[in-house]
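Notes follow once the structure below has been shown.
What follows is calculated from the coordinates using simple rules that are stated; it is not laboratory data. It should be emphasised that the depicted structure is a prediction, and the values quoted were computed from it without experimental measurement. Glycine gets a Cβ as well: all are built from the backbone with ideal geometry, and neighbour counts include every protein chain shown.
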């Protein structure tokens, strides 16, 4: 016997998925709002996307298990267009989640995905590179535009045309529990119309509330500030890190999929330095004898994403009074007015907001170094290797001490101490 309506499970699943799709559209639009809840919305976007993928597979299974009602009478082009739109929906409801999944998987910043904060979700075995990431992001954005601006308007418009112009059962046979064919007035007054209406409107309201429930004004990028005590973060840094990461960047996910390529950008990750596994050292010589030293106290404010260099920033503040070369007399001389002059200039500060990718894992931080009261441009080449949520940075650079006035009087001569000082920096950092 040919059914006159779609199966009950299919009808309810249809409206549940419609609500989720509308919810995802609004959620994707909310990524343009750069507030402290942006990363949480991105994580939720990933979770709902995978849920839609599972429900689509279930929907296809129900379609195969239960007969659909017969096609409505009409011209062949209209029947063909209806089939094309339905097939298009299935393709997009599978392609969108998988392409978004691929965006996250191809990110060089490996931020774990947990569905709804509970279920660990693996990455796809795709090429991990910026080129691969951008390709998947562009594909994801294209599919999203096809869904939002083509299939949804066609589907909704055709359904309304069938109901109000052709006056057939196109809509009524998909409503939960509604038998065809009541009059237009009766169908509009029937309580079963309220079910899909509430679901769809509720989806928009939930996404709208999620966006506007967060602070409405943009906030500065969250950073992590490392204090003199190893592993101890300032309360402000901790609060910002929890807001940015637990909400990924990492965030790109981060690592991050969104409804357009530009929306694929996520909150820039916050990095907390493991001082026990890090060091800031220098190397010079005195009368031909090698001198090795370092600084035990420093603060690091790091917000960095290889895929979002334009939104990354680094600020390192070194306490020059913590200098140590394993010689107390030499350390005292370095702190004196002849060298660092820590009484008047107790800190050295390197701050960079511009970064250049040099190929592979190599980058250059282009910033300014303030030392001995003088601020000059300073480029710091470094390598970056990221595994899971841990980053290892290695940097070597040459610093002209005389350009900053370090070494005055007899120490301004390079006969005993060369002008060039070699910097050796190693940082191990984590995101939470």
Ranked by how many other beta carbons lie within 10 Å on average, peptides 45-54, 274-283 from highest = 45-54, 274-283
Rg/Rh of the range 340-432 (Cα atoms, Kirkwood Rh), to two decimals, equals 1.05
For the range 272-430, what D do you get in µm² per second when you plug the Kirkwood radius from alpha-carbon pairs into Stokes-Einstein at 10 °C and 1.306 mPa s?
-> 97 µm²/s
